[in-house]
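Okay, structure first, notes after.
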Amino acid sequence: MEHIKLFSPATVANVSCGFDVLGFCLDSIGDEMVIKKTKEKGLKITKIVGFDLPFEIEKNVAGVSALALLEDAKPDCGFEIEIYKRIKPGSGIGSSSASAVGSVFGINELLGRPYNKLELTYFAMKGEALASQCEHADNIAPALFGGFTLVKSVAPLKVLQLPTPKNLFAVIIHPQIEIKTSEARAILPDAIPLKNAITQWSNVGSFVHALHTSDYDLLSQSLQDVVVEPYRSQLIPHYQNVKEAALKQGALGCGISGSGPSIFSLCHGEKVAQNVASAIKNIYSQTNIAFEIYVSRINTKGVNIL
Ligand code: HSE
């Protein structure tokens, strides 16, 4: 294979209760990339469509991730990357992870798959760190593995793939404002009260159990965030109104997607998801903030060849 075209999906990190560890993969929202093998060694980004991002390898998330892989693999060829960016940077649905995952996945395919997905997670984290100044994998893991994932630890890196209940749908509203992950991390406290820690780890445990047993009621009860949401929700206009409307329409839960400003809801069935989407749309239509709304299945495949 001399070139590859791929779809690198958007993802939702944290999933309310699992800050920095839980994530899930979205369907139909994502970037595309074309990666070509070249005789000449080295790495070039030859095209970026969609958003104004740097072409310099060391300043581009896809470039830094790919470089981490190439420094390890030392292949006898080079690569050119074209990025068709559809996920707005700073959207909270894993824009930088999609770039990082796409480049390492594509190059790995062109090299004949010398690395497994866990090793690719490690390389992609190098790119993610450029964007958020912190190595975490809660967007990268679901983009690579698909479905729901739990990052058990980053050093050593351990990723658990969790089951996806069949009738689960996500609704995403993306208000067109930018929140930098680094800034959304900077406002969080260093320590949390024990009472909140107990609530949070009980929710993570029950959320994982709910996924394994397709228990939608338990899933709903677990989608609660007493650690991060109280701080970050203040950065997102109309957050509480959106959440109230989503829950009123029957969403299982509603929370901040990654570091925001996107807000996700999880719903049992497409009909509920469509109702939730309409109610949220109604709220944002009355503001002067532009927005996008998506209703998506959970993508159990992750990044894939087109
Ligand atoms: N877990 C990360 C955060 C995801 O919330 O800061 C955003 O990259």
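The values are calculated or read from the model by the stated rules, or taken from the named source; none is laboratory data. Computed from a predicted structure; not experimentally measured. No Cβ is skipped: glycine too gets one built from the backbone with ideal geometry, and neighbour counts run over all protein chains shown.
Does region 65-81 include one or more residues that are more than 16 Å from the ligand (Cβ to nearest atom), under 30 Å from Phe264 (Cβ atoms), assigned to a strand (DSSP E or B) and in contact (Cβ under 8 Å) with a residue 24 or more places away in the chain? The answer is yes, given that some residue of region 65-81 is more than 16 Å from the ligand (Cβ to nearest atom), under 30 Å from Phe264 (Cβ atoms), assigned to a strand (DSSP E or B) and in contact (Cβ under 8 Å) with a residue 24 or more places away in the chain. Among the residues of region 20-50, those identified as among the hydrophobic types (A, V, I, L, M, F, W, C) and surrounded by 16 or more Cβ atoms within 10 Å (Cβ to Cβ) are Val21, Leu22, Phe24, Cys25, Leu26, Ile29, Met33, Val34, Ile35, Leu43, Ile45, Ile48. Cβ-Cβ below 8 Å, separation at least six or inter-chain, first residue in region 103-128 and of a type in the set (D, E, K, R) and surrounded by fewer than 19 Cβ atoms within 10 Å (Cβ to Cβ), second outside any loop (DSSP other than H, G, I, E, B) and at pLDDT 95 or above: which pairs? Note: pairs meeting the criteria are Glu109/Ile4; Glu109/Leu6; Glu109/Ile305. If we scan region 130-153, do we find a residue that is loosely packed, with under 14 Cβ neighbours inside 10 Å and within 11 Å of the ligand (Cβ to nearest atom)? Yes. Helices (runs of 4 or more DSSP H) fully within region 207-297 that include at least 2 residues being on the phi > 0 side of the Ramachandran plot, touching a residue at least 40 places away in the same chain (Cβ under 8 Å) and surrounded by 15 or more Cβ atoms within 10 Å (Cβ to Cβ): none found.
Checked against (1) in contact with an Asp or Glu (Cβ under 6 Å, 6 or more places away or on another chain); (2) farther than 19 Å from Val21 by Cβ, Thr213 passes all but condition (1).
For (1) assigned to a strand (DSSP E or B); (2) at pLDDT 95 or above; (3) within 16 Å of the ligand (Cβ to nearest atom); (4) more than 13 Å from the chain's Cα centre (by Cα), each residue gets a yes or a no:
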| residue | (1), (2), (3), (4) |
| --- | --- |
| Met1 | no, no, no, yes |
| Ser8 | yes, yes, yes, no |
| Val12 | yes, yes, yes, no |
| Val15 | no, yes, yes, no |
| Gly23 | yes, yes, yes, no |
| Ile35 | yes, yes, no, yes |
| Leu43 | yes, yes, no, yes |
| Thr46 | yes, yes, no, yes |
